[in-house]
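Inspection log for the structure reproduced underneath, given as C-alpha cells.
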Amino acid sequence: METRETGVAAYQGSGDDIHEKQTSVIGGDYDGDHGADTELKRSLSTRHLTMIALGSSIGMGLWLGSGTSLASGGPAGIFLGYCLAGSMIWCVSHSIGEMACLYPLPSAFVQWTGKFVDPAAAFALGWSYWFSYCITIANELQAANTIIKFWTDAVPIAGWISIWLVVIVLINVGAVTLFGEIEVIASTIKFGWIFVVIISMIVMSAGGAGYGPVGFRYWNEMAFTNGFKGFLSVMPTCIFAMSGSENAGLVAAETANPRKSVPRAVGSIWLRLSLFYLIGSLMITINVSPQNEDLFGGTGTNASPFVIAYRDAGIPVLAHMMNAVILVSVISTGSISGYGGSRTTMGLAYLNMAPKIFQRADKVGRPWYGLVPTFVLGGGLAYLNVSESGADVFGWFSNLTSLFTLFGWGMICLSHIRMRAVWARQGRTAEELPWKSWIYPWGAWWGLIMCFLLIIVQFYLAVWPLGSPSSAENFFANYVSIILVVVLWLGARIYFRGRWWVDLDTIQLDEGRRFYKDDVEKPREKGVKGVAKRVAGAIFN
C-alpha cells in the first residue's frame, strides 16, 4: 500500500489562558503502527526490551564498585545509598516509559530534550552522554582485567583489554537481533544468579560458613565508617552502578511495538532495584567487613565483595562461579554502552547537531558511522589501565559517568514535565497518551530535584574529598564532567541563540511521534495459562 508522509497541522497559541486542542492530520492510509521511523530496523521484541531493562546495566558498578562503597560508607551507608539512587531511577524510568511510548527515537532523551527543553541543552546532553558511553566501555574493559586477575596474571593487561574489546565489538557489528539475544542470555544469567547469591549468603551469615554466624555484626560495629560524609561519598558509585538503566528508552526505537514493550520494561524496574541493588548490597554488608583489605580499592587483591564473601567462607566453587558471572556482566554492560553511543550520535544527526552521515545505517540496521568512533575512543581510554591501578581508573571514570548520568536523568525528568505541560496546554488529556505514568507529577519532580542536589554533593566531594587533602588535580579529575557540560551548553547557546527555553506554543506534539493502531480487546483467558499471564502482568506491569 502506498502511503504519504505524515503532515501535522500547525498549532498557534490563542494568546490568552485558553488554548485550542491541536489536531493531527495524518496523510495516507495506514493498516498498523507508524511514525518515528528511521533507518534502524524495528526487529526487537518485548522479550528483548524487558530483559535488557532488567539486567543490562548490572555490571562493574554493582559487583565491584560496591566494595569501594562498603569501605568508604559502611554497611548502612551503601544500603541507604542504593535506596536513594533506586528511588531516583524508578522515577526516571517512569518518565522514560511515558516518553518512549510516545516518541521512540534513536537517541531518545537527547531528542526529547531538543524538542521540549532547549536545543543547546540537547547538544550538551548528547555529546556528553556519548562520551559517557565511551567511558563506560573503558571502565568495563578494565574491570574485566581486574576480574581475570582473580584467576591468573599470566596475560599482560593490554592483552586482556584487547581480547574483550574485540568481543564487545563483534557483539555490536552483528545484526541487532544478535545483540538482543546476547543481552537476553546475559541478563538471564545475572537474574538467575542473584537468587543463588541471596540464598547462599543468608545461610553463610547465619552460621553456614567456616567463620561461624555473623548476622548484623558489621552493622552494629560500624554502620557508617566515615559518618555523613562517608555516606555522601558512596552516591557517585551508586549512581554509576545504576547508569545505563535509561537505555530502555534508546532500545524502544528498534522495538516492534513500543506501546507494549516499554511499559513491560518499566514495570520490571522494581525487580532489578529490589533483587540486585537493595538485597544484593544487603547480602555483602552481612558477610564482608568494611575493613577487609581485599575489597576493590583496598591494599589487597582488589576483588569483588561478593567473591570475597565466598572465598572467606571456604566455598571456592561459588567464588569462581561468582567471578565468572561478574565477567559476563561487565562484557554485557560494555556491549550495550557501544550500542547506546552509536544510537546517540544518530539522534544528534537528526537534530542537526552531528554530521548527517551519522543518520545512516546499513540494510540490517547497523549505524556504522556511530559504532566506529564510539569503540575507537572507548577502547583507547581503556588502555589507561596499563599504567594506572584499576581502582584509580575506576574512581576517575565512575565519578565522570555519574555526573553525566545525573545530567541525563535530570533532562529526562524535565522533558517529561514540559511534555505534560504542553500536552495539557494544547487541550489534550492524559488518557490520550499511549501509556500513562501513575507517579506523575511527583515522580518526575523528585527525580529532577535529586539530580540537582547530587550534582551539588559531588561538587562538595570534589573540593573536600574523603580521606585526602583538597587539590586542583583532584577537583578536575572528579568534576570535569560538569565543566564539559557547561562549556558545551554555552557554546551551543552562542551558536543557536534565541530563547533560553523552547516556546511551548511552538511545539508540534505529533512531529516525531509514534502512532498506534487501536488494539482489539481480547477475551480474558481462563485456566492455568490465564492465571500465569495475570500473575506475570502484576509483576511486570
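The values are calculated or read from the model by the stated rules, or taken from the named source; none is laboratory data. Note that the structure is predicted; figures quoted are calculated from it, not measured. Quick reminder, even Gly has a Cβ in these numbers, built from the backbone with ideal geometry, and neighbours come from all protein chains shown. Protein only, heavy atoms only, side chains kept; ligands, DNA and RNA dropped before computing areas. Shrake-Rupley method; radii C 1.70, N 1.55, O 1.52, S 1.80 Å.
Flag not set for VAL203, criterion: assigned to a helix (DSSP H, G or I), over 16 Å from ASN287 (Cβ atoms) and open to solvent by 50 Å² or more (accessible area, probe 1.4 Å). Can you name every residue in the range 207-220 that is touching a Pro at 6+ places or on another chain (Cβ under 9 Å) and open to solvent by 50 Å² or more (accessible area, probe 1.4 Å)? Result: PHE216, TRP219.
Whether any residue in the range 59-78 is within 19 Å of GLY340 (Cα to Cα) and not in a helix (DSSP H, G or I) is what I want to check. First the steps, then the outcome.
Of the range 59-78, the ones within 19 Å of GLY340 (Cα to Cα) are 59-61.
Pick out the ones that are also not in a helix (DSSP H, G or I) and you get 59.
Checked against the condition, which is being within 19 Å of GLY340 (Cα to Cα) and not in a helix (DSSP H, G or I), the range 59-78 yields at least one hit.
ALA477 fulfils the conditions (1) open to solvent by 50 Å² or more (accessible area, probe 1.4 Å); (2) touching a helix residue (DSSP H, G or I) at 6+ places or on another chain (Cβ under 7 Å); (3) modelled with pLDDT under 80; (4) aliphatic (A, V, I, L, M) except for a single criterion, (1).
Does SER281 meet the test of being closer than 20 Å to ILE199 by Cβ, touching a helix residue (DSSP H, G or I) at 6+ places or on another chain (Cβ under 8 Å) and crowded, with 20+ Cβ neighbours inside 10 Å?
Numbers: closer than 20 Å to ILE199 by Cβ: yes; touching a helix residue (DSSP H, G or I) at 6+ places or on another chain (Cβ under 8 Å): yes; crowded, with 20+ Cβ neighbours inside 10 Å: yes.
When the stated conditions are applied, SER281 passes them.
Scanning the range 410-452 for residues that are in contact with an Asp or Glu (Cβ under 7 Å, 6 or more places away or on another chain) and of a type in the set (A, V, I, L, M, F, W, C) gives ILE412, LEU433, TRP435. Every listed requirement among (1) out of contact with any Phe, Trp or Tyr (no Cβ under 6 Å at 6 or more places or on another chain); (2) surrounded by fewer than 24 Cβ atoms within 10 Å (Cβ to Cβ); (3) at pLDDT 85 or above is met by ARG259 save one, (1). For the range 457-474, the set of residues classified as part of a helix (DSSP H, G or I), free of Cβ contacts under 8 Å to residues at least 60 places away in the same chain and open to solvent by 70 Å² or more (accessible area, probe 1.4 Å) consists of PHE459, GLU473, listed by residue number. All conditions in (1) under 30 Å from THR113 (Cβ atoms); (2) modelled with pLDDT under 85 hold for MET235, with the sole exception of (2).
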